[in-house]
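Colleague: Before anything else, here's the structure in question.
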Amino acid sequence: MKKLWLLLISVLMLTACSEDKISGDGVDLTNVFEITDDPNDPVQHERYQIFKEYNVPVLFNDTIAKRQIGTDLYGKPVMQYETVDLNWDFDSYSNSVHYVYDYLKTDESKMDALRFVRKFLEMCSKRMRPFSIMVANNLTSKPESSSLAEKQYVSGFRTLVFYNVSNLSDDDIKTTARDVIYDMVAQKVKANKDLCSMFEAVSSKYYYRTWEELGGCSTSLEWMRKNNIVNLNKLFYGLPYKTEKGSTNSNKLDFVDFVMLRKMVADKEEAESVRSTMVQEIGNYGFIRANKDLPFSTPTDAEEDRNYFVQAILTVGDEVFNERYGRCALVMEKYELLKDFMVNELGLEL
């Protein structure tokens, strides 16, 4: 009998902690996501303004709502909670990861976080806006996840969680928001298997091969052998081909400026001609960059290749992309596939 009572208590405890779902007998969420105004509270007022403009509630706590559903054997209340649970997927649930939130504690940090959220929503297309956003000071997990340390967001089924975004400069806010959107678009592209198959088919014969093996890349190979800073990942053809943060000053130069500074060409016209030829050579195989680790080789696989395209498209837009690669038939074939999906499915303006 004692074992039976323990079993019943366990069941009650499990049902008392409801996951992120709405049901007739669960927590009433009719108005819980509606943000009300308080002009005397700067944080609440800004949450309200964001909600009014973008229809996205911003949360600072993973407990959305709670209610008492009864009492236990000792007369103590049994509560049911509605929480942000990042383990939910569209049609499945896994409790293999336990997320631990470090909440924002001051109004100043919350206002800084809201500045980031506003910029993100401003840059994000309407169709890509999440149902809700939660902002934390930090997010960790058990077991530990290296991806959490590398990124500043986790996307759940109904909630996008940002962390480590409350101490960013204005420039960093824009850059971080842009990088999050890059990653979100890349993930949505990856989830479309038909699109990925069509994209991969364009250059399927050319992945993870050397440019020398492919042939037709003599100018690219010649210039890469002249100077190890010159490679097909550093054509410096404007963003996104600027080098990464922390690079030396020489690496931050535009390709044209760099080869002119090193007196590797007679004039600017020759430098631009060399760059144009290198772009065309790799573009003939459908590529806009080389392997991230081996510049003398093509991208490892279609995913690496796709990510380069997503970054380039979102950074330079339709007009500039066509100016750069319009004469590269295979590049433009891939571009049109991704552009159609981004514009018509994700609602992006390129």
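The values are calculated or read from the model by the stated rules, or taken from the named source; none is laboratory data. Quantities reported herein were computed from a predicted structural model and do not represent experimental measurements. Every residue, glycine among them, receives a Cβ derived from its backbone with ideal geometry; neighbour counts consider all protein chains shown. SASA here: full protein model, heavy atoms, side chains in, ligands and nucleic acids out. Shrake-Rupley method; radii C 1.70, N 1.55, O 1.52, S 1.80 Å.
Colleague: Can you compute the FRET efficiency between Asp170 and Glu34 using 1/(1 + (r/R0)^6), with r the Cβ-Cβ distance and R0 = 22 Å? Round to the nearest 0.05.
Modeller: E(calc), rounded to 0.05, equals 0.15.
Colleague: For segment 57-72, take each phi angle, set θ = phi - 60°, evaluate the Karplus expression 6.51 cos²θ - 1.76 cosθ + 1.60, and give the result in whole Hz per residue in order, putting x for glycine and proline.
Modeller: x, 10, 10, 10, 9, 7, 8, 7, 7, 8, 8, 7, 10, x, 10, 8
Colleague: If you don't mind, there's one more thing I want to ask. Taking the Cα centre of segment 273-350 as the origin, how large is its charge dipole in debye, to the nearest 20, when only Lys and Arg (+1) and Asp and Glu (-1) carry charge on their Cβ atoms?
Modeller: For segment 273-350, the charge dipole is close to 320 debye.
Colleague: Still on this structure: How would you classify segment 273-350 from its alpha-carbon gyration tensor, with a ≥ b ≥ c the square roots of the eigenvalues: rounded for a/c under 1.5, else prolate if a/b is greater than b/c, otherwise oblate?
Modeller: Verdict is oblate for segment 273-350.
Colleague: OK, next. Once you place label points 7 Å from the Cα toward the Cβ at Asn227 and Met198, how far apart are they in nm?
Modeller: 4.1
Colleague: State, to one decimal in nm, how far the label point of Lys76 lies from the label point of Asn344, with both points 7 Å from Cα in the Cβ direction.
Modeller: 5.8
Colleague: Taking all protein chains as present, what is the carbon and sulfur share of the accessible area of segment 58-171, in % to the nearest whole number, probe 1.4 Å?
Modeller: Carbon plus sulfur share of accessible area: 47 percent.
Colleague: Hey, what do the phi angles of segment 301-310 turn into as Karplus ³J(HN,Hα) couplings, whole Hz, using 6.51/-1.76/1.60 and θ = phi - 60°, x for Gly and Pro?
Modeller: Computed from phi, the couplings for segment 301-310 are 7, 5, 5, 4, 4, 4, 5, 4, 5, 4 Hz.
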